[in-house]
Amino acid sequence: MVARNASAERIITHPWFWRCIALFAAVAFIAIHQISSNFQGSLLSSSPSSENNHAGKHEEHEDDVLSTYRDPFSTDRCSEVDLKDLKSQPATTGTRRCNCPDPLAPIPRDDIEWKNHHDVMVEEVKAAKDLDVVIIGDSITERFRGTKSGTNPMPEYKAVFDAHFNPAMGGKVNGMALGSASDITPETMWHLENGWITDSLHPKLWVLLIGTNDLGRSGCSKRNTLVGILHIAEHFH
């Protein structure tokens, strides 16, 4: 435990670590901005039968990526690998199947521990004041809180986080981590709409780290995952 904590401390306190994080964030922002611009055009032309309808929406909401993505869809949700499985594999136990939900529809998980963990974070949001940064995410972000799956303690990660994001522990900025292991974008959206975002919560910076479980756990396509991420980001405006 001590060695593990010391190793994590050395990595996260190294000056090049934060420079790399800053560089990665800048590159990611530019990439997402470019992808979203291209993505909007591809959505408008993806359905010939509704081309005129989409074009009208585009004129009304030129800067709103999601305004052109309200129509029902099916196979576009699944990755190419999962599409092959759906066409060639029977629905047998152990077969990897696409289980990708609508990225625009918030959904909770039917898990009492997951919901209890959500309630704990909602209470923390209510008590939060003068935050510089709020980090939203899945298991990686949850570890910054010092837990795994809501109940398994991981204090070594919390100690490192506090050293940088808790002024009472020597941190230079005041930060909060809100994350739940294995979450996909619709589940994160449910968290936000049920207590993670309040009228009193106004951090200087939002950090979003989500989407890996959409691609892996649910077999979603990159297109579907991007829509979920952008839908969440809209709530930070």
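The values are calculated or read from the model by the stated rules, or taken from the named source; none is laboratory data. Since the structure is predicted, the reported quantities are computational estimates derived from the model, not experimental observations. Quick reminder, even Gly has a Cβ in these numbers, built from the backbone with ideal geometry, and neighbours come from all protein chains shown. Heads up: the accessible areas ignore ligands, DNA and RNA and are worked out on the full protein's heavy atoms, side chains in. Shrake-Rupley method; radii C 1.70, N 1.55, O 1.52, S 1.80 Å.
Surface calculation, 1.4 Å probe, protein heavy atoms: His117 sits at approximately 10 Å² accessible.
Summing charges over neighbours of Glu142, with a neighbour being any other residue whose Cβ is under 9 Å away from its Cβ, gives +1 when K and R count +1 and D and E count -1.
With the simple model of a label 7 Å out from the Cα in the direction of the Cβ, Arg109 to Leu205 spans 2.8 nm. Ignoring ligands, DNA and RNA, what percent of the accessible area of the stretch 132-213 is carbon or sulfur (1.4 Å)? That fraction is 56 percent.
May I ask you to derive the FRET efficiency for Asn152 and Asn99 from their Cβ-Cβ distance with R0 = 30 Å, giving the value to the nearest 0.05?
On the way: r = 25 Å, r/R0 = 0.83.
After rounding, the FRET efficiency stands at 0.75.
Per residue, the stretch 141-237 exposes 44 Å² of accessible surface when a 1.4 Å probe is rolled over the protein heavy atoms with every protein chain present.
Relative to the globular-protein estimate of 2.2 N^0.38 Å, the Cα radius of gyration of the stretch 130-181 stands at 1.05.
Semi-axes of the equivalent ellipsoid of the stretch 162-237: what are they in whole Å, largest first, if each equals the square root of 5 times a C-alpha gyration tensor eigenvalue?
Numbers: eigenvalues 137, 44, 22 Å².
For the stretch 162-237, the semi-axes come out at 26, 15, 11 Å.
Please go through the residue pairs Lys158/Lys222; Lys158/Lys204; Lys115/Lys172; Lys129/Lys158; Lys129/Lys222 and name each one whose alpha carbons sit more than 27 Å apart in this structure. All intermediate terms of the calculation are to be shown ahead of the outcome.
On the way: Lys158/Lys222 32 Å; Lys158/Lys204 22 Å; Lys115/Lys172 32 Å; Lys129/Lys158 19 Å; Lys129/Lys222 36 Å.
Pairs exceeding the cut-off: Lys158/Lys222; Lys115/Lys172; Lys129/Lys222.
What order, most packed first, do the peptides 121-132, 214-225 have when packing is the mean number of other Cβ atoms within 10 Å of each residue? Write out the running numbers ahead of the final one.
Working: 121-132: 13.3, 214-225: 20.4.
Put in order of decreasing packing, that is 214-225, 121-132.
With θ taken as phi - 60° and the Karplus curve 6.51 cos²θ - 1.76 cosθ + 1.60 applied, the whole-hertz 3J(HN,Hα) list for the stretch 146-152 is x, 9, 10, 6, x, 10, 7 Hz, x standing for glycine and proline.
Quick one: length gained pulling Asp132 to Ile197 fully straight, 0.36 nm per residue minus the C-alpha distance? Each step should come with its number before you reach the end.
On the way: separation 65, 0.36 × 65 = 23.40 nm, distance 1.48 nm.
Once the chain is fully extended between Asp132 and Ile197, it gains 21.9 nm.
Here's how it looks for Thr147: its modeled amide H is under 5 Å from those of Met154, which are all 5 or more places away or on a different chain.
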